[in-house]
Amino acid sequence: MPGGLDPKAPWEPVSLASGLCGTAVLFAELSDRRAARAHLAAAVGAVPGRLPGGVWSGVTSLAFAACAVRGMAGGCETLLEGLDRRVEAFTQGVLAREEQRLAEGGAGVAVPVYDVVSGLAGVGRYLLLREGRHRALLDRLLACLVRLGKPVRVHGRDVPGWWTPDVSLLGEEADLPRGHLNVGLAHGIAGPLALLALAARADVRVPGQDEAVERMCDWLLARRTAQGLWPAYIAFDEESDTAAAGLAPGRLAWCYGTPGVARAVYLAGCALSRASWRHTAVDALARALDEAPQPADPFFCHGWSGVLNLTWRMARDSGDPHLAARLPALAGSVADAFDARHPFGFGSAPLGSGRPGSRPGLLDGAAGCALALHAYASGKAPAVAWDAAFLTD
């Protein structure tokens, strides 16, 4: 792949999600130093003049890959120094704008400000990995997420501070005229909850952090469907501690739905020593595996690889035998999707359809499938913390 990139290829080279940053992480985890360095170098060589800042596509994406390669093969110090300065500048800019909004009492946060994919939750996980260098900035970021958990007044009602008028990611503008509260791990409050919990586990705390974790987790626990699962989002007009019972459960996936949210709740239970939260999370995931709408592709974001990795993490951490018993079938669902006729072995579109069907990255590509299968087959925690980018650990 390095040296032979197709300029029309359906991926972004400087991207964990779909490109070369993701494959560099894959080869780092597999201890293939030569390939890891080659893919990282190709990603660096493809950097445009300007980059977005998020962990899944942008400067933090490249920094995360460099950190993984450094952890496996050493070196990369000069590259990381430069990338860290750019990550810091991006994060400070986002925080300054968000702190001004909060200071002015403005209600309505934009999803890309706080979420895992583009915003503070994802970048915060990188800063936590590099905590020794970024502690002051990390504390500032965590404090901003703590404030996000406090109620705001919207349309004459008090609602959680992560209420957003932004519904573009959902594609349901006509059905959500007064915005929504996003639930999922990728774009909802489960992402900040997971980061706050992981920071607490690492003994990184700011004032009000435990209270914010409790507030967010209590809100999630009170807003499960009749099956005990989680919806993808709650419309403003449906926001109450009883309305969610009548909603349909979200998909069986990392991004939206019960698996990702259950992992965030489980991490919160570990951080605050709440056994009931951990038990609820395990039970919800077990129910979701039977009752939630099934994935349609093998990838990590909203497919079988993400479900496999989340279930493996939860089974490993909880010791639950029922979750452990589901792992072979989940791994089979990923492995059965392999087709050597696709350029990277896994495709989301039928061969011959003319649509982009195969990508190499972590989020929606073959590297995520390979890493989920590798973790399951090896039974070992990742050597380069690759699933930290998903906020699952």
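The values are calculated or read from the model by the stated rules, or taken from the named source; none is laboratory data. Please read all numbers here as calculations on a predicted model, not as lab measurements. Virtual Cβ from ideal backbone geometry, glycine too; neighbours counted across all protein chains shown. Accessible surface areas use protein heavy atoms only, side chains included; no ligands, DNA or RNA. Shrake-Rupley method; radii C 1.70, N 1.55, O 1.52, S 1.80 Å.
In the stretch 207-285, what chymotrypsin sites (Phe, Trp or Tyr not before Pro) fall in a loop by DSSP, with at most 14 other Cβ atoms inside 10 Å?
Hits after loop and neighbour filter: nothing returned.
Can you give the accessible area of Cys255 in Å² (nearest 10), computed on protein heavy atoms with a 1.4 Å probe?
Here the accessible area works out near 10 Å².
Taking θ as phi - 60°, what are the ³J(HN,Hα) couplings along the stretch 242-257 by the Karplus curve (6.51, -1.76, 1.60), each to the nearest whole Hz, with x for Gly and Pro?
Residue by residue, the stretch 242-257 yields 10, 5, 5, 4, x, 7, 6, x, x, 5, 7, 6, 5, 5, 10, x Hz.
Taking 0.36 nm per residue of separation and subtracting the Cα-Cα distance, what length does fully extending Ser378 through Ser31 add?
Gain in length upon complete extension: 123.6 nm.
Cα centroid distance between the stretch 93-124 and the stretch 164-241, in Å?
Measuring centre to centre over Cα atoms gives 15 Å.
Averaging sequence separations of C-alpha pairs under 8 Å and six or more residues apart, then dividing by the length of the stretch 1-120, give the relative contact order as a whole percent.
23
Answer rounded, prolate or oblate for the stretch 233-273, using the Cα gyration tensor with square roots of eigenvalues a ≥ b ≥ c: rounded when a/c is under 1.5, else prolate when a/b is larger than b/c, else oblate.
Cα axes put the stretch 233-273 in the oblate bin.
Using 16 Å as the cut-off for backbone N distance, which residues of the stretch 220-239 belong to the label zone defined by a point 7 Å from the Cα of His155 along Cα→Cβ?
233-239
So for the pair Arg50, Ala275, with labels modelled 7 Å out along Cα→Cβ, what separation do we get in nm?
Going from the Arg50 label point to the Ala275 one covers 5.4 nm.
At 1.4 Å probe size, with every protein chain present, just tell me what the per residue accessible area of the chain comes to in Å².
Value for the chain: 38 Å² per residue.
Taking amide H positions as placed 1.01 Å from N in the peptide plane, with prolines and chain starts having none, which residues 5 or more places from Ala232, or on another chain, fall under 5 Å of its amide H?
It is Gly250, by chain and number.
If each of Glu104 and Asp237 carries a label point 7 Å out from its Cα toward its Cβ, how far apart are those two points in nm?
The two pseudo-label positions are separated by 2.9 nm.
What does the accessible area of Val47 come to, in Å² to the nearest 10, when a probe of 1.4 Å is used?
The value for Val47 is about 40 Å².
For the chain, count all C-alpha to C-alpha pairs, find those more than 37 Å apart, and express that count as a whole percent of the total.
The proportion of pairs with Cα distances above 37 Å equals 16 percent.
Ranked from highest to lowest mean number of other Cβ atoms within 10 Å per residue, what is the order of the peptides 182-194, 93-105?
182-194, 93-105
Relative contact order (percent) for the chain, with alpha-carbon contacts under 8 angstrom and 6 or more residues of separation?
In percent, rounded to a whole number, it is 16.
Determine the share of the stretch 63-136's accessible area contributed by carbon and sulfur atoms, expressed in whole percent, with a 1.4 angstrom probe.
After summing per-atom areas, the C and S share lands at 50 percent.
Can you pull the accessible area of Arg147 for me, 1.4 Å probe, Å² to the nearest 10?
Surface open to solvent at Arg147 totals about 100 Å².
Around Ser318, under 12 Å between beta carbons, what's the net of Lys plus Arg minus Asp minus Glu among the other residues?
+1
In what order, largest first, do His180, His155 sit by accessible area if the probe radius is 1.4 Å?
Accessible-area ranking of His180, His155, largest first: His155, His180.
Skipping prolines and chain starts, which residues have an amide H placed within reach, meaning under 5 Å, of the one on Lys150, given they are 5 or more residues away or on another chain?
Answer set, sorted by chain and number: Gly161.
Thinking of the stretch 56-129 as a set of Cα atoms, what percent of all their pairs are more than 20 Å apart?
35
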